[in-house]
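We did not get these values from a lab; they are worked out from the coordinates using the rules stated. Since we're looking at a predicted model, the values are computed, not measured. Neighbour counts are summed over all protein chains in view; Cβ atoms, including those assigned to glycine, are modelled from backbone coordinates with ideal geometry.
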Amino acid sequence: MTRRRRIYEGKAKVLFEGPEPGTLVQYFKDDATAFNNQKRGTITGKGVLNNRISEYLMTKLNEAGVPTHFVRRLNMREQLVREVEIIPLEVVIRNVAAGSLSKRFGMPEGTALPRSIVEFYYKSDELADPMVSEEHITAFGWASPQDLDDIMALALRINDFLSGLFLGVGLKLVDFKLEFGRLYENDEMRIVLADEISPDSCRLWDVKTNEKLDKDRFRRDLGGVEEAYQEVARRLGILPESGPRDMKGPETMQ
Ligand code: TMP
């Protein structure tokens, strides 16, 4: 049995060395955490669904001209991605007040925002991802002013595209988190979308009922967590053929 080199293990994913230089294999786990690891659990089938959902959304974004790290899905829980230098920022885009924004400003969840708001958080488990400004980011060298211009432009394009895509299947994209990386190619560097886009990193509400169909069901103990992830996949038209029973799948991790 061959053993692949494990490059990085996060809370919901593992990165392995890829089959060719400059590639990685991104493995999606069923593990879920919230509130910076204080709440832990498992969402059965989440890894399989997030692998599919992220594949679908990254492919659509690629087709719309947004550069991403995604190459192709390999199996139920793994996808091949380009190796990038991750910029240590969580870029959050908000269309409707919810979560930490509602708390910070005392704004009821569901209040429409006057315009889309982009926020930056410094990726650090020890510090619990503190919110940072462009001043901190450029002064501490996490990203250059040019990187930030590219990130802002990409984040807003992604928001427009995904808001429309989700609306088409009856879902409101309330807010979401993105990560970006630097891809080096022929002496050139470009910023590309990295990580994943899934109900772990988005707030998605049913347009008619405002029912939450995302990780807030886990964070807030609302029940129906697995079903919510399945419903998002079903609406996008990508639930595995034989339904949820197909989702445990062969474990290919070694
Ligand atoms: P927040 O309202 O808790 O700041 O979350 C904003 C969005 O970012 C929400 O869609 C969930 C997502 N998010 C992550 O993907 N990872 C995180 O660690 C946090 C705190 C939020």
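How do Lys215, Lys208, Lys46, Lys123 line up, fewest other C-beta atoms within 10 Å first?
Lys208, Lys123, Lys215, Lys46
Which of the chymotrypsin sites (Phe, Trp or Tyr not before Pro) found in the stretch 28-110 are loop residues per DSSP with 16 or fewer other Cβ atoms within 10 Å of their Cβ?
Sites meeting the loop and neighbour criteria: Phe35.
Which residue, Pro21, Pro145, Pro67, tops the fluctuation ranking in a GNM of the chain built on C-alpha contacts under 10 Å?
Residue with maximal mean-square fluctuation among Pro21, Pro145, Pro67: Pro21.
Kyte-Doolittle cut-off -0.5, length cut-off 24 Å along the helix's own axis using Cα: show which whole DSSP H helices in the chain pass.
145-167
Hey, fewest Cβ within 10 Å first, where do Met76, Met131 land in order?
Sorted ascending by nearby Cβ count, the order is Met131, Met76.
When the helices in the chain are scored as -39500 (n - 2.57) per DSSP H run of 4 or longer and the sum is shared across all residues, what 222 nm value do you end up with, to the nearest 500 deg cm²/dmol?
Only helices count here, giving -8500 deg cm²/dmol.
Return P(r) of the stretch 1-115 (all Cα-Cα pairs; 5 Å bins starting at 0; whole %; ordered from short to long distances).
Binned Cα distances yield the sequence 2, 10, 14, 17, 19, 17, 11, 6, 3, 1, 0, 0.
Can you list which of the GluC sites (Glu not before Pro) found in the stretch 1-57 are DSSP loop residues with at most 15 other C-beta atoms within 10 Å?
Values: sites: Glu9, Glu17, Glu55; in loops: none.
Answer by residue number: there is no such site.
Using alpha-carbon positions, what is the distance between the centroids of the stretch 36-84 and the stretch 118-139, in Å?
Comparing the Cα centres of the stretch 36-84 and the stretch 118-139, I get a distance of 24 Å.
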